[in-house]
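A.B. asks: Below: one structure in structure tokens.
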Amino acid sequence: MAQLIQRSIVIAAIGLAAGMAHSAWHQLTSATPVRLTPEAPPPLVIPGLTSPSGTTPAGTSPAGTSPTGPGTTTPQPTPTASADPMDALNVSIAQSKALFDAGAPFIDARNIEEYEAGHVAGAFWLPAERFAGGTIPEALQYFDTQNPIVIYCGGGACDASKNVLILLQQAGYKGGRIMHDGYPEWVKAGHAIETGKPVVGAP
Amino acid sequence: MNAPNNPNAKSRPMGWLVLPLRLILAALFAFAAYVKLNDPRLFAQSVEAFKILPEHLVVTMTFVIPWTEMFVAACLVLGLWTRAAALVLTGLLAVFVVGIASVLYRGMDVKCGCFGKYEIPCTGALGACHIIRNGVLMLMSLLVVIFGPGPLAIDRPSSK
């Protein structure tokens, strides 16, 4: 019995040592190391947004600016240094709608059943698994590397958007934003949705 | 030296139960380990989703778990330190079951990530199916712990 336990400990210790060594090597040398927090995004510019709307995370409101007419831009206020880095990435439903109207691509990070049951009109189905093994998903050809891309999942504590955002950033697409309130709130706000299978990158 | 085909094996019917168990478990966990190590980013997301470990430990576990699975699989195939490897596997599965139960208790929606993008046979978020599946696997590995290495093993039949 003692020998059984000893050998078990040795096997577990070998796994531990090998795992730690690989972890260190991978994180130091890989082009796509494991990241659990996203990079800071470029400042958000929403074309055609004529007034500050929705909940502005962290930062201060723009000082009295109210641009008129289409084609003008209202930069999102830069969050203060102490703000949660995720705040710079979150966009409200209203901001998401403005981005939608400006033609920004949307990504649905949920599973296929949820996507088919209903998704933001025109949204791409791109859960994290599509990036497995360093694959470049087909959908990426429709994105620009700097322009905003809105990613959403089920709202609440759903991490899927953040996970897809990190993978997108590692693939070179830096404009990802997270529609933090998720699909249910988009539906509640009465914005455009559709059902059915993905057009690009079917499962 | 030990003969790989122990002449006593034929008189130990349980030995012939253990051999397929060893091979099935080894194949399953070698595959699972390979998939996880092939793209650690996705498995890291699954580990993080449990919200049990702090971030630096999430990254460590992302690699430690599949490497342990790989070594256990190798030991099971070779029949080397077979019982001990099966015991480690049982322990690993027990940890997974506790993790899954914790997720379910907190009402969280978490994907397994056990086989990367392949969900076999339980699909979707973690639930009862995963606990049952892991329970079956634990039973299989416990049988190997109890009944020993079986035939075609480097270990002698009485070896621990």
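A.B. asks: Count charges around A:A18 for me, please; just the other residues with Cβ under 14 Å from its Cβ, Lys/Arg as +1, Asp/Glu as -1.
C.D. replies: Result for the neighbourhood of A:A18: 0.
A.B. asks: Roughly how crowded by other chains is peptide A:104-116, in terms of the mean Cβ count from those chains within 10 Å of each of its Cβ atoms?
C.D. replies: 1
A.B. asks: Which residues, if any, in segment A:155-169 lose at least 40 square angstrom of accessible heavy-atom surface (probe 1.4 Å) when the other protein chains sit next to their chain rather than the chain being alone?
C.D. replies: A:D159, A:N163, A:L167
A.B. asks: Once the whole set of protein chains is in place, how much accessible area is left on B:W16, using a 1.4 Å probe, in Å² to the nearest 10?
C.D. replies: About 120 Å², ignoring ligands and nucleic acids.
A.B. asks: What average number of partner chain Cβ atoms lie no more than 10 Å from the Cβ of the residues making up B:61-72?
C.D. replies: 6
A.B. asks: Pull out a ≥ b ≥ c, the square roots of the eigenvalues of the alpha-carbon gyration tensor of segment A:162-203, then state rounded if a/c is under 1.5, prolate if not and a/b is larger than b/c, and oblate in the remaining case.
C.D. replies: It is oblate, given that a/c is not under 1.5 and a/b is not larger than b/c.
A.B. asks: In 5 Å bins starting at zero, report the fraction of Cα pairs in segment A:122-184 per bin as a rounded %.
C.D. replies: 4, 19, 32, 27, 14, 5, 0
A.B. asks: Shifting gears a bit: On average, how many beta carbons from a partner chain sit within 10 Å of the beta carbon of a residue in A:128-138?
C.D. replies: Taking all residues of A:128-138 together, the mean is 4.
A.B. asks: Roughly how many Å² of A:M86 are accessible to a 1.4 Å probe, to the nearest 10?
C.D. replies: Accessible area of A:M86: about 50 Å².
A.B. asks: First check a/c for segment A:75-203, with a ≥ b ≥ c the square roots of the eigenvalues of its C-alpha gyration tensor; if it is under 1.5, answer rounded, and if not, answer prolate when a/b is larger than b/c or oblate otherwise.
C.D. replies: Judged from the Cα gyration tensor, segment A:75-203 comes out oblate (a/c at least 1.5, b/c at or above a/b).
A.B. asks: Would you mind giving the total buried accessible surface between chains A and B, with a 1.4 Å probe and ligands, DNA and RNA left out, rounded to the nearest 100 Å²?
C.D. replies: 3100 Å²
A.B. asks: If ligands, DNA and RNA are left out, what is the accessible area of A:H26 with a 1.4 Å probe, given in Å² to the nearest 10?
C.D. replies: Counting only protein heavy atoms, the figure is 20 Å².
The values are calculated or read from the model by the stated rules, or taken from the named source; none is laboratory data. Keep in mind it's a predicted model, so treat the numbers as computed, not measured. Every residue, glycine as well, gets a Cβ built from its backbone with ideal geometry; the counts of neighbours run over all protein chains shown. Just the protein is used for accessible areas: all its heavy atoms, side chains included, with ligands, DNA and RNA removed. Shrake-Rupley method; radii C 1.70, N 1.55, O 1.52, S 1.80 Å.
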